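For reference, the structure discussed in these notes is given below.
The values are calculated or read from the model by the stated rules, or taken from the named source; none is laboratory data. The structure presented is a predicted model; accordingly, all values stated were derived computationally and were not measured. Heads up, the Cβs are rebuilt from the backbone with ideal geometry, glycines too, and the neighbour counts pull from every protein chain shown. Quick note on the areas: whole protein, heavy atoms, side chains included, nothing else; ligands and nucleic acids left out. Shrake-Rupley method; radii C 1.70, N 1.55, O 1.52, S 1.80 Å.
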Amino acid sequence: MLNRIPLQLRAIAYALRGGFLIRPLIIAVVLGLAGAVLSSAEEARPSISAWVPTLLFPSHQDPQVAQNILSVIATSIMTVVSIVFAILLMTLTLASMQFSPRILISFVRDRATQWTLGIFLGTFSYCMAALPAARSLPHPFSPVATVLGAMVLALLCVGWLLFFIHHISQSISVNHIVDRIARETEQVIDELMPHPRTLHDVPPHPLPDTNEPEFPVLSTMSGYIRFIDTHALARAAREQRVRVRVLRRVGHFVPEGAPLMTITRHRHLRADRAAELIGTVDIGPMRTLQQDVEFGILQIVDIALRAISPAVNDPSTAISCIDQLSRILIRWIGRIPPDTQMFGPPYVLRVIVPWIDLDGMLNTALEQIRAYATTDAAVSLRLLRLLQDVAGTVDNERLRQRVIERGAPIVEGCRGQLPPGDVEALAKRLATLESLTLSRPASPHAA
């Protein structure tokens, strides 16, 4: 169980970093401590309040003025916090209904919203922490410097509220949403696949064909595979002297009691050793963007499908989604895929992990949109443009051909569904795409 702690800590850190808990809580605690410390320091050293202008506080010895200001700010801030939460919930509901429930995670991870909640709650904590210092008994004391800090925070909250309203009005724009999802997906690609693909890319080694029997290791819980600690899995396989084959890749659902992986040699694996292997796989109730590049694509595809549905009929939104899909595919195809085979020691295969391949990426990004866009010439043309853009950045002939082959089904699906003029335009775009097989513009990365 100790080997699972790093994976659990990573999952907790990822969940807290993307929620409305950790960052607002830290800001609120810090500002609350600042109010308590500043008021205590001001009481210990009265000279701190001497520099506060008398224009703001004509009498530095009247605690009732400080009490009234702090209480009014605290009360007003809590009213504004309720308004902020109402705006936020309305935005989440609108985004879920209009676009896709899957994109809510991107709203929850929005740092501007987290800072907004943190600053407002922190201002309230600051005032509440400083309020007990303003007292009349046993001797009058008015923390005027602390009150001045509360007034500055109140002005900051007013300006931040205007910024938050402007930010929310932008964040519900579909272009902003798909751009944010695409950027987050590109970050996952950069972390998972840091090395650029070379001109003469070597295909992965074929899996070994052995007659050695493999025995299943059953999953102990139901959920989606969100993260696989491949290094820990290889270390555990090496220590147990077995070969491990993970049966499902990141993003797939595995029910409790179903085989999660198979191992060699041990028909009856000890419970502690099975727990060590299973503990290298993070399984949860929903997919995340820790290692799941496909999940980012699915979010954008969901928005595109809803946009081209007869109920919405918004091809411009679908075209914007296709544009963002092209940047993700270009980033993915330009990197070396993660290792599917891990050895230790050299030439001793220990772990086989499946990752999504090029065909899987293209299927996820294109096939559903292609099937629903057979009656929309603009969307189908943009799909062909996507393939042209992606193929134009690929130096490897084998991979480029696999991208180009996706163009013909788009045109064939539109025949009989669109007017002859639109089909002719699609055929011309397809001819331009297929010409990349023989003559492709020089890539700036070819050198």
Result of the Cβ filter at 8 Å on the range 224-246, keeping first residues that are surrounded by fewer than 21 Cβ atoms within 10 Å (Cβ to Cβ) and modelled with pLDDT of 90 or more and partners that are among the aromatic types (Phe, Trp, Tyr) and not in a helix (DSSP H, G or I), at least 6 apart or interchain, is Tyr224/Phe253
Restricting the search to the range 218-243, which residues are assigned to a helix (DSSP H, G or I) and small (Gly, Ala, Ser)?
Ala232, Ala234, Ala236, Ala237
Can you pull out the residues in the range 244-269 that are among the hydrophobic types (A, V, I, L, M, F, W, C) and either in a strand (DSSP E or B) or touching a helix residue (DSSP H, G or I) at 6+ places or on another chain (Cβ under 9 Å) (or both)?
Val244, Val246, Val250, Phe253, Val254, Leu260, Met261, Ile263, Leu269
Options Arg331, Arg248: the member that is under 19 Å from Ile181 (Cβ atoms) and within 25 Å of the chain's Cα centre (by Cα)
Arg331
Can you tell me which residue is nearest to Met97 (Cα to Cα) among those in the range 268-309 that are among the small types (Gly, Ala, Ser) and open to solvent by less than 10 Å² (accessible area, probe 1.4 Å)?
Ala307
Residue check, Ala130 part of a helix (DSSP H, G or I), open to solvent by less than 10 Å² (accessible area, probe 1.4 Å) and either in contact (Cβ under 8 Å) with a residue 24 or more places away in the chain or not hydroxyl-bearing (Ser, Thr, Tyr) (or both)
yes
For Leu430, state whether it is among the hydrophobic types (A, V, I, L, M, F, W, C) and more than 30 Å from Leu233 (Cα to Cα).
yes
Qualifying residues in the range 137-185 (those that are among the aromatic types (Phe, Trp, Tyr) and either assigned to a helix (DSSP H, G or I) or surrounded by fewer than 13 Cβ atoms within 10 Å (Cβ to Cβ) (or both)) - the one farthest from the chain's Cα centre (by Cα):
Trp160
Quick one: count up the residues across the range 380-435 that are open to solvent by less than 10 Å² (accessible area, probe 1.4 Å) and farther than 24 Å from Arg335 by Cα.
5
Restricting the search to the range 331-359, which residues are open to solvent by 20 Å² or more (accessible area, probe 1.4 Å) and assigned to a strand (DSSP E or B)?
Arg335, Gln341, Met342, Phe343, Leu349, Arg350
Please go through the range 304-361 and give me each residue that is within 30 Å of Pro216 (Cα to Cα) and among the aromatic types (Phe, Trp, Tyr), ordered by number.
Phe343, Tyr347, Trp355
